[in-house]
Amino acid sequence: MSLSLDFVNNPLAGRFWGSATSAMTELSLHPPGAAGSKFPAPPPPEELPDKLCVQKISKIFDYQSQPLTVLQDVDLSLKSNEFVCLVGASGCGKSTLLNIVAGLTAPTSGRILVDQEEVTGPGSDRGMVFQAYSLFPWLTVAKNIEFGLKLQKLSKRERRERIAYYLEVVGLSRFANAFPKQLSGGMKQRAAIARALANEPEVLLMDEPFGALDAQTKEQLQLFMREMWERTHTTILMVTHDVEEAIFLSSRVAVMEAHPGRIKESVEIELPEHRELEMKSEVSFIQLKRRITTMLGHG
Amino acid sequence: MPLIGGGAPLLLWAIISYSGAFANAFFPTPVQILQAGAKLLSDGVLIGDILASSGRVLFGFLAAAIVSIPIGLLMGTFHTMEGLFSPVVGSVRYMPVAAFVPLVMIWFGYDEPAKVLIVFLGIVLYNTTMIVDAVRKIPNEILNAAYTLGVSRPILLFQVIFPAALPSILDTMRTNIAGAWNFLILAEVIAAKQGLGFRIIQSQRYVDTDKVLFCICVIGLIGLLTDYALRKLAIALTPWSEHS
Ligand SMILES: Nc1ncnc2c1ncn2[C@@H]1O[C@H](COP(=O)(O)OP(=O)(O)O)[C@@H](O)[C@H]1O
Ligand SMILES: [Mg+2]
């Protein structure tokens, strides 16, 4: 099979548009708030139902037998194809929130909806990339990617195609048979991203995926991640404490405040769709950065 | 470095034994020790002793592995399993196995099964607790990654927890085989007709210090070889892991 990096020409590309269309079909059958109407008007694109919806999530931990409210009534929603970055001071509850969305931690109250359906436990509809150490060290890069595909009971041929495709996407085709210990930190993260993407989740969650990398590798991966999103338009919720990274990558930055953790404000990033690293030094970028940094400082 | 580390004590031994400070019957020279070994070999008992002892260790060790690996994995993975087993594992672990030896002899007699059983009892609980620890030390990221890829509990146990803990399990085995030899000697000292431990006690009766020392050296040598073999096995089974 010929491997093309042009996503639209790829046989696997259909999914992203496929899921958007199916959401629309569903909508025209059961329009929210318009039940009974025979001819519901097709919704304008910005009124597509949310891909991911975090509703009034609270989390109270037991901290030295004292209740510690880490999250209080957090509301956040992501449209299909949106890339949202969540920034906030260290310890404000970003990871906790992401783990709740992933179903790895149970919230004290509140609900998580994916495509309007409540989810409770973890599932392959919400892929996740962690800061480090999440690749299975006993499997080669290709087998790591295949792990989730086998669980989804894909045929051998499908698995082979997806592995090859996503290895190509992250530029690791030559390392298909390498074990994680043979990879650099940046390569490991790319492999982990490929593994999560190959599962083709509805939402991709990332918790400081570049946090453990050196500055140069980090910028390379930011560029890679943005290009990847420009091609695939996967719905992404990514946690980072790096404001510059958040602005560069996302279509919207959600700013979190601490004690208790909640979303303070959402900032639309109105930069051109196609991003280059040079943009980081442009005036509009710096203004956004100052604005968000100020918000964080006054948290 | 290993040459110095191994050579220095040997040299010291040679100097003391040749100096005549002690009678050679109590403090034989290295050459005398080797001669005693040759004597044991030509008497036709050495090979039998080695095989008898190694066999007991092997069976006791394997039985302990077969029992402790699944129980340790289950206890480490499921809280309910831990609740089920930990009263036994937790309390019996602090009772010295040596104290159980007479009991084993009363219940199981003086034959092979009793000795294998002592080796088994000696290490099975350590194996189990060490494997439970190994499971607990699996990074959360690994388990969480598996969950977000869509695993079920059984798949998690067999395809994630087991391989993730395998390097530590193999390490545990390597550590505990030394313990297996300890308990074997204990069993043979009390009752046996053959075996390196039996030979040591037998030689002590006749103050054949050189034979005692030779048998101890043989055990040490077997230990080294086993350790080497298990290390090679670990590298072969888990080539993906960091091996020191
Ligand atoms: N399992 C837990 N038990 C008790 N407190 C926790 C637990 N997990 C996190 N916390 C606390 O919750 C707060 C938020 O943690 P976290 O979500 O990791 O923050 P962030 O990712 O924003 O740095 C911290 O104060 C942390 O100590
Ligand atoms: Mg965090």
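If I take R0 = 25 Å and measure r between the Cβ atoms of residue B:103 and residue B:207 in this structure, what FRET efficiency does the formula 1/(1 + (r/R0)^6) give, to the nearest 0.05?
0.20
Once ligands and nucleic acids are excluded and a 1.4 Å probe is used, how much of residue A:187 is accessible, expressed in Å² to the nearest 10?
30 Å²
Let me know the mean shielding of A:133-142 by other chains, meaning the per-residue number of their Cβ atoms within 10 Å of its Cβ.
5
For the range A:44-130, what does the convex hull of the Cα positions come to per residue, in cubic angstrom?
Spelled out: Cα convex hull of the range A:44-130, divided by residues, is 108 Å³.
What spacing in nm lies between the two simple spin-label points modelled at residue A:276 and residue A:212, each 7 Å away from Cα in the Cβ direction?
Result: 3.4 nm between the two label points.
Calculated from DSSP H runs of 4 or more alone, at -39500 (n - 2.57) each and per residue, what is the 222 nm mean residue ellipticity of chain B, nearest 500?
The helix contribution divided over chain B gives -27000 deg cm²/dmol.
Please get the size of the charge dipole for the protein assembly as shown, origin at its Cα centre, with Cβ charges of +1 on Lys and Arg and -1 on Asp and Glu, quoted in debye to the nearest 20.
In debye, rounded to 20, the protein assembly as shown gives about 1440.
In what sequence, largest accessible area first, do A:165, B:228, B:206, B:126 appear using a 1.4 Å probe?
From most exposed to least exposed: B:206, B:228, B:126, A:165.
Based on the Cβ-Cβ distance of residue A:66 and residue B:93, what FRET efficiency does E = 1/(1 + (r/R0)^6) give at R0 = 51 Å, to the nearest 0.05?
In this case the efficiency is close to 0.90.
Would you check the accessible area of residue A:96, probe 1.4 Å, heavy atoms only, in square angstrom rounded to 10?
Its heavy atoms expose roughly 20 Å² to the probe.
Between residue B:227 and residue A:109, what is the label-point separation in nm under the 7 Å Cα-to-beta-carbon projection?
Once both label points are built, they end up 6.0 nm from each other.
Against the globular-protein guess of 2.2 N^0.38 Å, express the Cα radius of gyration of the range B:13-62 as a ratio, rounded to two decimals.
So the range B:13-62 has a normalised radius of gyration of 1.59.
What net charge is computed for the residues neighbouring residue B:197, neighbours being all others with C-beta under 12 Å from the C-beta of residue B:197, Lys and Arg scored +1, Asp and Glu -1?
Cβ neighbours under 12 Å give a net charge of +2.
Ranked by accessible surface with a 1.4 Å probe, highest first, in what order do A:56, A:280, A:181 come?
A:56, A:181, A:280
Determine the dipole magnitude for the range A:163-299: charges of +1 sit on the beta-carbon of Lys and Arg, -1 on that of Asp and Glu, nothing else is charged, the reference point is the Cα centre, and the result goes in debye to the nearest 20.
Computed charge dipole of the range A:163-299: roughly 360 debye.
As a quick test, which of the pairs A:150/A:181; A:143/B:137; B:193/B:232; A:156/B:137; A:94/A:289; A:150/B:232 have an alpha carbon distance above 28 angstrom in this structure?
With Cα atoms farther than 28 Å apart: B:193/B:232; A:156/B:137; A:150/B:232.
Kindly report, to the nearest 10 Å², the accessible surface of residue B:198 as traced by a 1.4 Å probe over protein heavy atoms only.
My reading of the accessible area for residue B:198 is about 40 Å².
With all pairs of different alpha carbon atoms counted, what Kirkwood hydrodynamic radius in Å does the protein assembly as shown show?
28.0 Å
Rank B:140, B:127, B:176 by mean-square fluctuation in a GNM of chain B with C-alpha springs under 10 angstrom and give only the top-ranked residue.
Taking springs between Cα atoms under 10 Å, the residue moving most is B:140.
Could you report the buried accessible area between A and B, both sides summed, computed with a 1.4 Å probe and given in Å² to the nearest 100?
Heavy-atom accessible area buried at this interface is about 1900 Å².
Along the positive direction of the dipole of the protein assembly as shown (beta-carbon charges: Lys, Arg +1; Asp, Glu -1; about the Cα centre), which of B:165, B:103, B:63 reaches farthest?
Comparing the listed Cα positions along the dipole, B:103 ranks first.
Mind ranking A:295, B:81 by accessible surface for me, highest first, 1.4 Å probe?
B:81, A:295
Select from B:146, A:123, B:226 the residue farthest towards the positive end of the dipole of the protein assembly as shown; place +1 on Cβ of Lys and Arg, -1 on Cβ of Asp and Glu, and compute about the Cα centre.
Highest projection toward the positive end goes to B:226.
The values are calculated or read from the model by the stated rules, or taken from the named source; none is laboratory data. Just so it is clear, the model here is predicted, and its values are computed rather than measured. In this analysis, Cβ positions are derived from the backbone assuming ideal geometry, glycine residues included, and neighbour counts consider all displayed protein chains. The protein model used for the area step is the full one, side chains on, heavy atoms only, and it has no ligands, DNA or RNA in it. Shrake-Rupley method; radii C 1.70, N 1.55, O 1.52, S 1.80 Å.
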